[in-house]
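Participant: Here's a structure for you.
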Amino acid sequence: MKIEVWSDFVCPFCYIGKRRLEMALAQFPHRDQVEVEFKAFELDPAAEKGIGKNIHEAIAEKYGISMEEAKQANHGIGEQAATVGLHYDFDNMKPTNTLDAHRLEKFAAAEGKGAELAEKLFHAYFTEGAYIGDHETLATIAESAGLSREKALEVLRDPNAHLNDVRVDEAIAQQYGITGVPFFILNQKYAISGAQPLETFTSALQKVWQEEAAAPMLQDLSTEEDVACADGSCIIPGKEEK
C-alpha cells in the first residue's frame, strides 16, 4: 500500500494530520507493507522569508480579524494538536516561505531520510520556534536528521537544486484538484482531505488493505486463447502442438 501525503511545513493541520496517520499506522497490523511518501505543497508561494510579524499578526492580517480573534483561533488549533501529543508554541512561531524547506526535504528523501527530516522540520517550526526560512537553521535541522550539513548547505545555496522535484509534486496536486493540505491519497485511488479523526485513517487503511488483498493482481482482458508461447513451445493455429 502506498500513501502520498501533500503538506506544508507551516501548516498546523498538516502536523496534526501527519501524527494521526502515524497513530493509525501504529495500530495497523500490516504497517511494514505500507509506504508513506511526502509531497510538497506551498500554502503561500509568494510569502517572504522574513515577514517581520508573529503568527498572530500574520493570521489577523490575512483573514481581516482582530489580534484577539487570531489568538483565540490559534489557541483552538493548539488544543487539537495537544490531543495527539503535540505542543504548538504560537507566540514564537516565525512565518516564512517554505520552498527551501521543501527542496531540502527532497534532498533528504533521495538520501533515505525524508521522513526523519519532515518530522524535524514540523517540530522545529511549531514547537521550537525555529526560523525555517534560514539556510543555516535548515542545515542544522538536516544535520540532526542524520544528513551532511555541508551537502545540505550546497543544496540550499543552489536555487535550482531539487526545485523540479517540488514543482512536480505541485503539478500533480493541481491535476488532482488539491487546493488545501494536508491531503492524503491511498493507492492513487482513495483520498482523505484534512486532519481527519484517527478513526477515519484507521478505517481507510483497513478498507484499502482488504480491497488490495481481495483483488487479483491483474485483471485478464484477453479475448482469445492459444495465441501465446509457454513452457518452451508455441501453438500454431490450425496445427496440433508437437
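The values are calculated or read from the model by the stated rules, or taken from the named source; none is laboratory data. These figures come from a predicted structure and were not determined experimentally. Cβ atoms come from the backbone with ideal geometry, glycine included; neighbour counts cover every protein chain shown. Side chains are part of the model used for accessible areas, which takes the heavy atoms of the whole protein and leaves out ligands, DNA and RNA. Shrake-Rupley method; radii C 1.70, N 1.55, O 1.52, S 1.80 Å.
Participant: Would you mind checking the tilt of helix 67-82 against the longest principal axis of the Cα atoms of the chain, expressed as 0 to 90 degrees and rounded to 10?
Facilitator: 50 degrees
Participant: Can you list, bin by bin at 10 Å, the percent of alpha carbon pairs in segment 9-89, starting at 0?
Facilitator: Binned Cα distances yield the sequence 15, 37, 32, 12, 4.
Participant: Exceeding 24 Å between C-alpha atoms, which entries from my cross-link table qualify? They are 18/53; 18/189; 18/94; 62/189. Don't skip to the answer; put the middle values down first.
Facilitator: Values: 18/53 27 Å; 18/189 19 Å; 18/94 21 Å; 62/189 34 Å.
Flagged as over cut-off: 18/53; 62/189.
Participant: On to the next question. Leaving out ligands and nucleic acids, note down the accessible area per residue over the chain with a 1.4 angstrom probe, in whole Å².
Facilitator: Working: 13590 Å² over 242 residues.
Accessible surface, normalised per residue, equals 56 Å².
Participant: Within the accessible area of the chain, what % is carbon and sulfur when the probe is 1.4 Å and the other protein chains stay in place? Please list the in-between numbers first.
Facilitator: On the way: 6850 of 13590 Å².
About 50 percent, which is the carbon plus sulfur part of the accessible surface.
Participant: About its Cα centre, how strong a charge dipole does segment 13-122 have in debye, to the nearest 20, once Lys and Arg get +1 and Asp and Glu get -1 at the Cβ? Working shown, then result.
Facilitator: Values: 14 positive and 19 negative charges, 29 e Å.
Dipole magnitude for segment 13-122 comes out near 140 debye.
Participant: Evaluated at 10 °C with a viscosity of 1.306 mPa s, what Stokes-Einstein diffusion coefficient in µm²/s does the chain have when Rh comes from the Kirkwood expression over alpha-carbon pairs? Numbers along the way, then the final one.
Facilitator: Values: Rh = 20.2 Å.
Once the numbers are plugged in, D ends up at 78 µm²/s.
Participant: Hey, another quick one. Keeping all protein chains in the complex and leaving out DNA, RNA and ligands, what accessible area do you get for residue 59 with a 1.4 Å probe, in Å² to the nearest 10?
Facilitator: Roll a 1.4 Å probe over it and residue 59 shows about 40 Å².
Participant: How much mean residue ellipticity at 222 nm does the chain get from its helices, if each DSSP H run of length 4 or more adds -39500 (n - 2.57) and you divide by all residues, to the nearest 500 deg cm²/dmol? Walk me through the intermediate numbers first.
Facilitator: Working: 9 runs with 116 residues, N = 242.
After summing the helix terms and dividing by the residues of the chain, the value is -15000 deg cm²/dmol.
Participant: Still on this structure, I have one more. What is the distance in Å between the Cα centres of segment 141-160 and segment 44-72?
Facilitator: 29 Å
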